[in-house]
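**Q** Have a look at this one.
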Amino acid sequence: VTQGAFQVNPGSLFPALHRLEQKGWLTSEWGASASNRKVKYYRLTTAGRRQLKAETANWGRISVAIARALRPVEGT
Amino acid sequence: MPFFEAMGARLRHFVRNLLRRDHVERELTDEIEGYVDLLMEEKVSQGMSRDDARLAARLEIGRVDHVKEHVRDVRVGVWLDALRQDVRFGVRALIRRPGFATIAVLTLGVGVGATTAIFSLIDSVLLKPLPFHEPERLTTVWEVRPRFNQPRIEVAPLNYVDWQQQVQAFESLAAYVNGFANLTGAGTPVWTTFATDSSVRHSMASLARHSHEDSIPGATLMSSAASPVPLVPSPL
């Protein structure tokens, strides 16, 4: 999705998933992989979707503000 | 109610982490194994051989124990787990060296006991001594009324006068009464000591200041010399 800009290593990924699940923003269920192994799948909950929306909006505001703040530098 | 939803999820996980540790741990192992499998399949589909893909997936996830440890660190209620481990470690260390444990317990016990004893002594002798000369010779005399099962009641004014004139056992005798009184006829009543003897009056006043000033908000302490006369109804 990010064309390799972000490399999430498992030592950060798993704690993050567990934290989100404990906050009620994710639910998990067990399924089977293509080779029929037990795999855990995570899904966003309603609360999680709401949080995502809020965080996205917040991020949008911040990135626009930072882009504006940096614009004068580009001209010089 | 997003707040309660979030609290519910946290609470559920807290209880689960606490009571079903083995289950939670097994699930974590399965989850990571499943992840390695998915990674491997992805690499196979990109054209790797199965053995190479397995090795590459293992390398990518790194040390599984590290990943697990990171997950354990974010679990709700880690502090309780840490506490449990600390207590267990402490108890084991003490059991392993009973001699040391005994000495440690004794040292703590004697230390706490001695400190408390010395402080109580200093507190009563130096910090809060009774405001009387030779306080060890001081005593309180009560009237008794056995028929009504009242071993300690205040002395009746006329009895006090009799005691003062007839009792030889005491060097001197004084009476006092404490209470709220409105002395000016306006405003809030104040805590007041009336006493028949000026040294007793001052002493009682400062004693009362020790014990009452904190407990009666807004009370002003006063003491007043009351001659024995108002205590005694004039004998007609």
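**Q** Hey, B:Gly77 hits all of (1) facing another protein chain (nearest Cβ under 9 Å); (2) at pLDDT below 90 but one; which does it fall short on?
**A** It is condition (1) that B:Gly77 fails.
**Q** Also: Which of (1) within 14 Å of chain A (Cβ to nearest Cβ); (2) under 37 Å from the mean Cα position of the chain (by Cα); (3) assigned to a helix (DSSP H, G or I) does B:Leu83 not meet, given it meets every other one?
**A** The failed condition is (1).
**Q** If I ask for residues that are modelled with pLDDT of 85 or more, closer than 15 Å to B:Thr139 by Cβ and outside any loop (DSSP other than H, G, I, E, B), which ones from the stretch B:159-186 would you list?
**A** Within the stretch B:159-186, B:Trp163 is the sole residue that qualifies.
**Q** Based on this model, can you work out whether A:Arg49 counts as surrounded by fewer than 10 Cβ atoms within 10 Å (Cβ to Cβ) and of a type outside the set (Gly, Ala, Ser)?
**A** Numbers: surrounded by fewer than 10 Cβ atoms within 10 Å (Cβ to Cβ): no; of a type outside the set (Gly, Ala, Ser): yes.
So A:Arg49 fails the test.
**Q** Then there's this: Would you pick out the residues in the stretch B:106-141 that are modelled with pLDDT of 90 or more and either among the aromatic types (Phe, Trp, Tyr) or not in a helix (DSSP H, G or I) (or both)?
**A** The answer is B:Phe119, and nothing else.
**Q** Note down all Cβ pairs under 7 Å where the first residue falls in the stretch B:38-55 and is farther than 20 Å from A:Gly31 by Cβ, the second is surrounded by 14 or more Cβ atoms within 10 Å (Cβ to Cβ) and of a type in the set (Lys, Arg), and they're at least six residues apart or on different chains.
**A** Between residues of the stretch B:38-55 that are farther than 20 Å from A:Gly31 by Cβ and residues that are surrounded by 14 or more Cβ atoms within 10 Å (Cβ to Cβ) and of a type in the set (Lys, Arg), the close pairs are B:Ala53/B:Lys43.
**Q** State whether the residues of the stretch A:28-36 include one that is more than 10 Å from chain B (Cβ to nearest Cβ) and under 27 Å from B:Asp65 (Cβ atoms).
**A** Yes.
**Q** Assuming B:Leu94 fulfils every condition listed in (1) closer than 25 Å to B:His13 by Cβ; (2) modelled with pLDDT of 90 or more apart from one, which condition is it?
**A** Failed condition: (1).
**Q** Identify all residues within the stretch B:9-55 that are exposed (fewer than 15 other Cβ atoms within 10 Å of the Cβ) and over 27 Å from A:Gly48 (Cβ atoms); write none if there are none.
**A** Residues satisfying the conditions are B:Asp22, B:Ser45, B:Gln46, B:Gly47, B:Ser49, B:Arg50, B:Asp51, B:Asp52, B:Leu55.
**Q** If you scan the stretch A:1-14, which residues turn out to be within 7 Å of chain B (Cβ to nearest Cβ) and within 13 Å of the chain's Cα centre (by Cα)?
**A** Within the stretch A:1-14, A:Phe14 is the sole residue that qualifies.
Yes or no, residue by residue, for (1) farther than 24 Å from B:Val15 by Cα; (2) at pLDDT below 90:
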residue: A:Gln3; (1), (2): yes, yes
residue: A:Gln7; (1), (2): yes, yes
residue: A:Lys38; (1), (2): yes, yes
residue: A:Tyr41; (1), (2): no, no
residue: A:Leu44; (1), (2): no, no
residue: A:Asn58; (1), (2): yes, no
residue: A:Ala69; (1), (2): yes, yes
residue: A:Thr76; (1), (2): yes, yes
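**Q** Sort out which residues of the stretch A:21-38 are part of a helix (DSSP H, G or I) and in contact with a Phe, Trp or Tyr (Cβ under 8 Å, 6 or more places away or on another chain), and write them in order of number.
**A** Listed by number, the list holds a single entry, A:Glu21.
The values are calculated or read from the model by the stated rules, or taken from the named source; none is laboratory data. Worth saying up front: this structure is predicted, and the values here are computed from it rather than measured. Cβ atoms come from the backbone with ideal geometry, glycine included; neighbour counts cover every protein chain shown.
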